[in-house]
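The structure appears right after this line, and notes come after that.
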Amino acid sequence: MTISAAQEFVDRWERSTVNEKGTAQPHFIDLCRLLGIKTPVEADPHGAWYRFEKPLKKEGGGAGFADVWRAETFAWEYKSKDRYATLDDALTQLRLYKSDLGNPPVLVVSDIARFEVYIEFNGFKTRVEKFTNADLVNAATRDLLRAALTDPQQLRPSEKTFTITEKIAKQFGEVAKLVERRGHDPHDVAHFFMKLLFCMFAEDIGLLPNHLLSETLRAAVFNPDEFNALIRPLFREMRTGGYWGPGNRIPHFNGGLFDDDFAIPLKVDDLQF
C-alpha cells in the first residue's frame with residue numbers, strides 16, 4: 001500500500017457527505033481494499049460468520065443489527081458524518097447487542113471522519129484507540145486497524161507483559177532512590193518515574209509504537225546529557241496525541257500524568273534497563 005493510495009482514500013472520504021445508511025457498506029469495502037483484507041462477501045459468501053447488517057436482539061428487548069460483524073473478532077457501528085458531537089451513542093448501541101454479538105474482543109464505532117476502536121479482553125483493562133480519517137495515511141494506524149479486523153489476538157495483552165512491567169517497576173524504584181539521594185525533590189522524582197513506568201507499560205501493550213521508550217533509553221546511554229531533550233517531546237505528545245518521528249503515531253493519554261513534560265537528568269548508570 002503506497003502513501004498516495006492511502007491519501008486518495010482519505011481525500012475521497014473527506015469529501016463524502018452521504019448519510020450513515022448510504023455510507024456504511026461502500027466505506028467498509030473501500031477500507032478493506034486500503035488495508036489489503038477481504039470484504040465480508042469475499043471472505044464469507046454465505047454470511048455465516050462475517051457479514052454486513054448482522055441481525056441482533058438487544059439486551060433488554062427489541063431488535064436491530066450491527067453494520068458489520070465478524071464472529072469472535074469485531075463488531076462495527078457507523079453513524080452519519082458531522083451529525084453527532086460524539087460517537088457514544090454508537091458504542092452504546094453495540095453494547096446493547098453484546099450477548100447476540102458473541103462478545104467479540106473489538107468494538108469499532110465511526111462516522112468516517114472519526115474512528116474509535118475498543119479492544120476488550122476479559123481480565124484486562126479496555127484499550128481505546130481514537131484516530132481520524134486523515135490518520136489513515138499513517139502505516140501504524142492502518143496496521144492497528146488491520147489487526148483489529150482480522151486478528152485481534154495480536155492486540156491482546158499478555159501475562160508476560162505484566163511480569164516484565166513489574167520487573168521494570170522494581171528497577172525504576174531503585175534508580176529513583178539514587179536520584180533522590182542526589183538532592184532532587186521526592187515528589188518530583190516520584191512523578192517523573194511514574195511517567196517513565198507508564199511509558200514502559202504503554203510500550204509493552206502496544207500503545208506506544210516501535211519501542212519508543214526503550215530506544216530512547218538506549219540512545220541516551222551514549223549521550224546521557226541529551227536524555228531530557230529526548231524524553232520531554234515524548235511526554236508532550238502523550239499529553240495531546242500526535243506524531244513523534246516518522247511513522248510513530250502517539251495516542252492521547254488523559255488523566256493528568258502528562259500535563260507537564262518535566263524530566264530529571266539521569267546518569268549513564270541510571271539508564272541501564
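Angle of helix 139-150 to the longest C-alpha principal axis of the chain, folded into 0 to 90 degrees and rounded to 10: 50°. Give the shape of segment 159-271 as rounded, prolate or oblate, defined through the alpha-carbon gyration tensor: a ≥ b ≥ c are the square roots of its eigenvalues, a/c under 1.5 means rounded, and otherwise the shape is prolate if a/b is larger than b/c and oblate if not. Rounded is the answer for segment 159-271, as its axis ratio a/c remains below 1.5.
Charge dipole (Cα centre; +1 on Lys/Arg Cβ, -1 on Asp/Glu Cβ; no other charges) of the chain amounts to roughly 420 debye. Length available on full extension from Asn223 to Val128: 0.36 nm per residue minus the Cα-Cα distance, which gives 30.7 nm.
Estimated from helices alone, the mean residue ellipticity of the chain at 222 nm is -14500 deg cm²/dmol (sum of -39500 (n - 2.57) over DSSP H runs with n ≥ 4, per residue).
Computing Kirkwood radius over Cα pairs in Å for the structure here picks out one of (1) 22.2; (2) 23.0; (3) 20.6, namely (3). Taking a point 7 Å out from the Cα of Trp49 in the direction of its Cβ, the residues of segment 94-116 whose backbone N falls within less than 17 Å of it are 101-106.
Put the Cα centre of segment 101-131 next to the Cα centre of segment 164-189 and the gap is 34 Å. Residues of segment 1-21 falling in the label zone of Asn210, defined by backbone nitrogen less than 18 Å from a point 7 Å along Cα to beta-carbon, are 1-4. When you count the other C-beta atoms within 10 angstrom of each residue and take the mean per peptide, 46-53, 202-209 line up highest first as 202-209, 46-53.
Measure nothing fancy, just the Cα-based angle from helix 186-204's long axis to the longest principal axis of the chain, in degrees from 0 to 90, nearest 10. Rounded to the nearest ten degrees, it is 40.
Each DSSP beta bridge with both residues in the chain is either parallel or antiparallel, and the antiparallel ones are about 80%. Rounding to the nearest 10 and keeping the result within 0 to 90°, find how far the Cα-based axis of helix 3-15 lies from the longest principal axis of the chain. Helix 3-15 sits roughly 60 degrees off the main axis of the chain.
With a cut-off of at most 16 other beta carbons within 10 Å, and DSSP calling the residue loop, which trypsin sites (Lys or Arg not before Pro) in segment 10-41 qualify? Please list them. Loop-located and lightly packed - Lys38. For the pair Glu42 and His184, the difference between a 0.36 nm per residue extended length and the Cα-Cα distance amounts to 45.0 nm.
Only the coordinates and a few stated rules stand behind these numbers; no lab work does. This structure is a prediction, so every number in the text was calculated from the model and none was measured. Here Cβ is always computed from backbone atoms with ideal geometry, including for glycine, and neighbour counts include all displayed protein chains.
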